[in-house]
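Data first, discussion second: the structure below is written as structure tokens.
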């Protein structure tokens, strides 16, 4: 009977570790999980083959981000390999940096079969909460070696000190 009790305790301990590991993983990666959807369809037989391949590669993918907030700017780095700079649409909407894009399927060969496909393709949208107000008119972005970097300057602070507000007459 003691062996059954030890087995049960070991199983409970193992399950507890799995649950805790899953909780930590989802806590760290939940905002980076991004849904990839099928782009608009085109006609033609060759495009039907591409469309079938894209359907197999739809789903969730990770677009990991870093957000740095310092005295003068918010700097966002988003890992998005396999794209071109023209594949992105970047906007500030309310208190979010919204990055939309399309990751296109690029086939190297028409022969053979894939056994593991972990890359996601299609249209995506990632909303990253901003820690403060930013001056979107002065924002700039670069894309290099699979990393999209967006610099969002903070609004200029009025350093002239207190000032009088004039009152106009009717």
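Bear in mind these aren't lab numbers, they're just calculated from the coordinates by the rules spelled out. Note that this is a predicted model, so its numbers are computed, not measured. FYI the Cβ positions are ideal-geometry reconstructions off the backbone, even for glycines, and counts take in every protein chain you see.
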Requested in this report: Rounded to the nearest 0.05, what FRET efficiency do residue 11 and residue 62 give with R0 = 35 Å and r taken as the Cβ-Cβ distance? Could you check?
Outcome: 0.65
Report task. Would you mind ranking 121, 143 so that the residue whose beta carbon has the fewest other beta carbons within 10 Å leads the list? Result -> 143, 121
Query - residue 156-residue 119 pseudo-label distance in nm [points 7 Å out on the Cα-to-Cβ vector] - result: 4.5 nm
Query raised in the report: Hey, can you rank 62-74, 3-15 by average C-beta count inside 10 Å, highest first?
Result: 62-74, 3-15
Query raised in the report: Fully extended, how many nm does the chain gain between residue 20 and residue 37 (0.36 nm per residue separation, minus their Cα-Cα distance)?
Result: 3.1 nm
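How much length would be gained if the chain were fully extended between residue 149 and residue 135, taking 0.36 nm per residue of separation minus their Cα-Cα distance, in nm to one decimal?
Contour length minus the Cα-Cα distance gives 3.4 nm.
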